[in-house]
Amino acid sequence: MTNPAQRNDLAATAQRWLSLWDAPVDWVRFDRLHADDFEDCAPAGRPSTKEGFAQGLRAMTQAFPDLRTALLDLVVDEARATVAVRWSARGTNLGPYLGVGPTRRATVFTGIEIIEIRGGRIVRRWGEWDASDHLAGT
């Protein structure tokens, strides 16, 4: 049985979360949206904590200070309180990122995220994204 209010709440939280990536990051909203025990399950090579995820976002938005994200698809699984998001982002590489740059080129990223939400806060994230456009600038 579907619950439209729950579905809308989960979708709205996911949309607010994705818009966080637009530079400059609203760090107060970042803190409110992520649970203190947030776990980043992505294979990014950084700590899987809330602070580790913040470090990754900080590095990305410092290298791409005009970064803007676009939501392409959103799928809500109410039973598991998860949302899958397919997104793209575009920004100008004005600082080093992933060992490349600054290239001063417009760069496009694409990715898919799955986030688990409890009590309006994100508790877990799985994500994969493609930066080959950026890496091709080498």
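Quick note: the coordinates plus some simple rules give every number you see, no bench work behind them. All values derive from a computational prediction rather than experimental measurement. A quick note on method: Cβ atoms are made from the backbone with ideal geometry, for glycine too, and the neighbour counts reach across all protein chains shown.
Brief remarks on what is shown
- Using only side-chain charges placed at the Cβ, +1 for Lys and Arg and -1 for Asp and Glu, the dipole size of the chain relative to its Cα centre rounds to 260 debye.
- In the chain, taking the dipole from charged Cβ atoms about the Cα centre, the farthest positive-side position among S19, F53, T82 is held by S19.
- Remark: the range 4-135 projects, on average over all directions, an area of 7.3 nm² (convex hull of Cα atoms).
- The range 4-135 - percent relative contact order, Cα under 8 Å, separation 6 or more: 25
- Rounded to 10°, Cα long-axis angle of helix 50-63 versus longest principal axis of the chain: 40
- Between helix 4-19 and the chain: long-axis angle, C-alpha atoms, 0 to 90°, nearest 10: 20
- Treating r as the C-beta distance of N3 and W27 and R0 as 30 Å, the FRET efficiency rounds to 0.40.
- Considering helices alone, the calculated mean residue ellipticity of the chain at 222 nm is -9000 deg cm²/dmol, with DSSP H runs of length four and up weighted by -39500 (n - 2.57) and normalised per residue.
- Formal net charge of residues neighbouring I115 (Cβ-Cβ distance under 12 Å; K, R +1; D, E -1): +1
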